[in-house]
């Protein structure tokens, strides 16, 4: 391949992946065409894209970008999986697909500059909460003490109300109320 063609491909990679900060590297070699199409269509419906890349050119394009850490795992046939709401969602989807397709190899993932290598690393990433799940957990933790405080403040009042209701019921039934010492 000539130098101008290589430069064009590197420029294309830079433009295509300029907004991608987190991604997975997979190997889709050996997957039957119909299965490959099913995989790609299923992922595309979730806004997840797969792009086959040339390793040496991708390393050049990823230099000084958030994807630079993937350079060490780019060997052999590689494809970049990215998109979705979060790289954690992408990892979850691909881990599920890897259970169905033996030929699908999960090479690595990168999240905020942290590299997750191999199938085990990608599996570990898939267990992370998504951004929305983490935010919900933080909100729950922040609101939990306030909820406990409200319960504690209203609890004595509900106890008094239940005692008054019991006294009322006993008086209406004609029962006497014993004095408690």
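The values are calculated or read from the model by the stated rules, or taken from the named source; none is laboratory data. Remember, predicted model here, so these are calculated numbers, not experimental data. Reconstructed Cβ throughout: ideal geometry from the backbone, glycine too, with neighbour counts over all protein chains shown.
For the range 108-134, name all the residues that are in contact (Cβ under 8 Å) with a residue 24 or more places away in the chain, over 26 Å from residue 75 (Cα atoms) and exposed (fewer than 15 other Cβ atoms within 10 Å of the Cβ).
Those that are in contact (Cβ under 8 Å) with a residue 24 or more places away in the chain, over 26 Å from residue 75 (Cα atoms) and exposed (fewer than 15 other Cβ atoms within 10 Å of the Cβ): 129, 131, 132.
Restricting the search to the range 65-99, which residues are assigned to a helix (DSSP H, G or I) and more than 20 Å from the chain's Cα centre (by Cα)? Before you say what the answer is, go through the steps one by one.
Pass one, the range 65-99, residues assigned to a helix (DSSP H, G or I): 68-73, 87-99.
68, 71, 72, 73 - these are the residues of the range 65-99 that are assigned to a helix (DSSP H, G or I) and more than 20 Å from the chain's Cα centre (by Cα).
Could you grab the pairs with beta carbons closer than 8 Å, sequence gap of 6+ or different chains, first residue in the range 43-54 and within 13 Å of residue 25 (Cβ to Cβ), second one part of a loop (DSSP other than H, G, I, E, B)?
So the pair list comes out as 50/28; 52/28; 52/77; 53/74.
Might you let me know whether the range 5-12 holds any residue that is assigned to a helix (DSSP H, G or I), over 25 Å from the mean Cα position of the chain (by Cα) and surrounded by 15 or more Cβ atoms within 10 Å (Cβ to Cβ)?
Filtering the range 5-12 down to residues assigned to a helix (DSSP H, G or I) leaves 5-12.
With the extra rule that they be over 25 Å from the mean Cα position of the chain (by Cα), the set shrinks to 5-12.
Next, only the ones that are surrounded by 15 or more Cβ atoms within 10 Å (Cβ to Cβ) stay: 9-10.
Yes, that holds for at least one residue.
How many residues are touching a strand residue (DSSP E or B) at 6+ places or on another chain (Cβ under 9 Å) and within 15 Å of residue 115 (Cβ to Cβ) when one looks only at the range 59-80? Step through it out loud before you land on a result.
Taking the range 59-80 as the starting set, the residues that turn out to be touching a strand residue (DSSP E or B) at 6+ places or on another chain (Cβ under 9 Å) are 61, 66-70, 72-80.
Filter again for within 15 Å of residue 115 (Cβ to Cβ), leaving 66-70, 72-75, 78, 80.
Selection size over the range 59-80: 11.
Being out of contact with any strand residue (DSSP E or B) (no Cβ under 7 Å at 6 or more places or on another chain) and modelled with pLDDT of 90 or more narrows it down to one residue among 88, 10, 41; which is it? Outline the logic, then answer.
Details: 88 fails: modelled with pLDDT of 90 or more; 10 fails: modelled with pLDDT of 90 or more.
The conditions single out 41.
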